[in-house]
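A.B. asks: Let me begin by handing over the structure; questions about it come next.
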Amino acid sequence: MQYVDASHRFSKAIKLLSSIPIAVDEPPTIVDGLTVSEIYSLKAILCNNLSSCYLKHHDYDIVIELCKKVLEQDDRNVKAMYKLAISYFEVHDYHKALEKLECVLKLDPENKAATDKMKDFVQKVNETNARVNAMFKKMFV
């Protein structure tokens, strides 16, 4: 239940931030005492937190969209990249999952969760490939 409440609050905060008019003929550098980059950074943080809530509820498509928004703002955000890898894996996009997990490990080689997930991912991909190969053998023998 706490994730539902948190996701509601994060969503509301994102909507409020998104309603701040920034795209004008000559964009301001400061809006309500915050720089535009601070506003975008705050929005990325909120999207990252919201993606954690959706990940807990296994809403992987939403997690993917939110993490992509975070990575547009900060392409080195390890947490968003990790959640994106998990979500890609869960929707069976193994290539993208492995790609994102490799990025996490490049940015943070000591990341134990990513190292463990990589082992799980590789094992699952190998099992899937073995099943596919076995099906092809049955089809052509």
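Only the coordinates and a few stated rules stand behind these numbers; no lab work does. Predicted, not measured: the structure shown is a model, and the values here were computed from it. Here the Cβ positions follow ideal geometry from the backbone for every residue, glycine too, while neighbour counts run over all protein chains shown.
A.B. asks: Using helices alone, what [θ] at 222 nm do you get for the chain, with -39,500 (n - 2.57) per DSSP H run of 4 or more residues, divided over all residues and rounded to the nearest 500?
C.D. replies: -26000 deg cm²/dmol
A.B. asks: OK, next. Among 129-136, 78-85, 37-44, what's the highest-first ranking by average C-beta atoms within 10 angstrom per residue?
C.D. replies: Result, highest mean Cβ count within 10 Å first: 78-85, 37-44, 129-136.
A.B. asks: State the extension gain, in nm to one decimal, for the chain segment bounded by Lys137 and Thr115, taking 0.36 nm per residue of separation less the distance between their alpha-carbons.
C.D. replies: 4.6 nm
A.B. asks: Once Cα Rg over 2.2 N^0.38 Å is worked out from the coordinates, which option in [x] 1.33; [y] 0.97; [z] 1.92 does it equal?
C.D. replies: Only one listed value fits the structure, namely [x].
A.B. asks: Now, a different point. Just to check I understand the Karplus step: with θ = phi - 60° and J = 6.51 cos²θ - 1.76 cosθ + 1.60, what whole-Hz values come out for segment 84-90, glycine and proline as x?
C.D. replies: Karplus values, whole Hz, x for Gly and Pro: 5, 4, 4, 5, 4, 4, 5.
A.B. asks: On a 32 Å Cα-Cα criterion, which of the cross-link pairs Lys56/Lys96; Lys56/Lys137; Lys68/Lys138 come out too long?
C.D. replies: Lys56/Lys137; Lys68/Lys138
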